[in-house]
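The block underneath contains the structure these notes are about, expressed in structure tokens.
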Amino acid sequence: MVRTAVIFGGLAFALLVPAGLVVQKEHVLRSGTPVLLELAPVDPRSLIQGDYMVLDYAISRERDANPVTTAKDGNMVLRLDANGVGSFVRFDTPDTPLAPGELKLRYRLRKERFRLGAEAFFFQEGHADRYEGARYGELRVADSGASVLVGLRDAQRQPLGR
């Protein structure tokens, strides 16, 4: 009886944790603020994983060149321009409230590089040419700073691959 309860408990846990993560991401997609981040040059192919694009955000590269924080995890504060393109303002601190027009974007500092959570964009095999003009990553960002990559945009900020 105990053994059966442990098995079903483990199964329930194994199913509920991924379901919770999906619900969390869906919430960010529905209610998050749309943000465009400029991309640095990218590589559109991996033989092992299939066709995908490594996303290297210009905002991350700028921070890598001048690291001013040692926090492994935290939030960057961004300001959006009239086109919805985010630019770095400062690193978030508890004692500095967000000004109007600012929002948080979660980062992780790994191997001296700022990671924003969406460093790869996978697409159907043979469709690399549709995405080679990508200049912006389109994210939805929650108030907490959590983000989800929803697509890529060209230099005129038009959606690619749709």
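Read the figures in this text as sums done on the coordinates, not as results from a lab. Keep in mind the model is a prediction, meaning the values are calculated, not measured. In this analysis, Cβ positions are derived from the backbone assuming ideal geometry, glycine residues included, and neighbour counts consider all displayed protein chains.
At-a-glance table
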{"item": "Built amide H within the under 5 Å cut-off of residue 75, gap 5+", "result": "92, 107"}
{"item": "Amide N proximity, region 105-139 versus residue 89 label position 7 Å along Cα-to-Cβ, cut-off under 13 Å", "result": "105"}
{"item": "At most 13 other Cβ within 10 Å, DSSP loop - GluC sites (Glu not before Pro), region 87-162", "result": "112, 125, 132"}
{"item": "Label-point separation in nm, residue 16 to residue 82, each point 7 Å along Cα→Cβ", "result": "5.1"}
